[in-house]
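Data block below; observations after.
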Amino acid sequence: VGIPSSSVEEICNHFGLGHGLTESMVAVASLIENTGHFADVSLKPSQITQYLEKMPEISLQVAWIALAKQTHAQQNIEQFMTTWRHQRTTINGNHLKQMGLSPGPQYKVILETLRFAWLDKEIQTPNEEQELLHQLIQDKT
């Protein structure tokens with residue numbers, strides 16, 4: 001631990017490690033280097049999720065072990081792996097299509113906004129999700 005992610009990649013390449021293993025090891029080094037991206041107490045669950053969901057699962061597990069003395073970092077990794085990454089909306093693309101929205105990049109933006117609102121406890125019921133959806137659509141028009 002303590003080796004910069006760029007050096008980890010060079011070391012992996014030097015030893016001819018496969019792409020998947022190299023990617024995982026670089027991700028571990030990156031997680032350890034950048035704990036501020038997911039361990040800062042001021043971050044919302046959605047912000048932590050956005051950062052951690054890009055990481056391979058094995059890298060999260062290894063980083064959790066390596067960060068044994070950083071309790072908040074461990075707690076956030078654990079929360080992400082057990083709860084946050086599984087958060088889904090009750091609304092999906094079919095609902096948006098039925099509402100008359102044309103399929104496109106706005107679907108991802110809307111569904112991510114709804115998911116992040118659930119994660120951050122800005123909404124807590126399907127009715128609140130519907131209200132936020134209508135507000136998002138109204139803001140777009």
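The values are calculated or read from the model by the stated rules, or taken from the named source; none is laboratory data. The model shown is predicted, which means the values in this text are computed figures rather than measured ones. Cβ coordinates were reconstructed from backbone atoms using ideal geometry, including for glycine residues, and neighbour counts include every protein chain displayed. Heavy atoms of the whole protein, side chains included, go into the accessibility calculation; ligands, DNA and RNA do not. Shrake-Rupley method; radii C 1.70, N 1.55, O 1.52, S 1.80 Å.
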In the stretch 107-141, residues that are in a helix (DSSP H, G or I) and over 20 Å from Thr49 (Cα atoms) total 14
Note on the stretch 59-80: residues closer than 16 Å to Ala27 by Cβ and among the hydroxyl-bearing types (Ser, Thr, Tyr) are Ser59
For helices (runs of 4 or more DSSP H) lying entirely in the stretch 1-102, having 1 or more residues that are within 18 Å of Leu114 (Cβ to Cβ) and open to solvent by less than 80 Å² (accessible area, probe 1.4 Å) picks out 45-52, 93-98
Considering the stretch 103-133, residues that are of a type in the set (Val, Ile, Thr) and out of contact with any helix residue (DSSP H, G or I) (no Cβ under 8 Å at 6 or more places or on another chain), and then whichever is most open to solvent (accessible area, probe 1.4 Å), we arrive at Val109
Pairing a residue in the stretch 41-57 that is within 12 Å of Gln75 (Cβ to Cβ) with any residue that is acidic (Asp, Glu) and open to solvent by less than 80 Å² (accessible area, probe 1.4 Å), where Cβ atoms lie under 6 Å and the two sit 6 or more apart in sequence or on different chains, gives Pro45/Asp120
Note on the stretch 96-128: residues more than 20 Å from the chain's Cα centre (by Cα) and touching a residue at least 12 places away in the same chain (Cβ under 8 Å) are Leu96, Met99, Leu101, Pro126
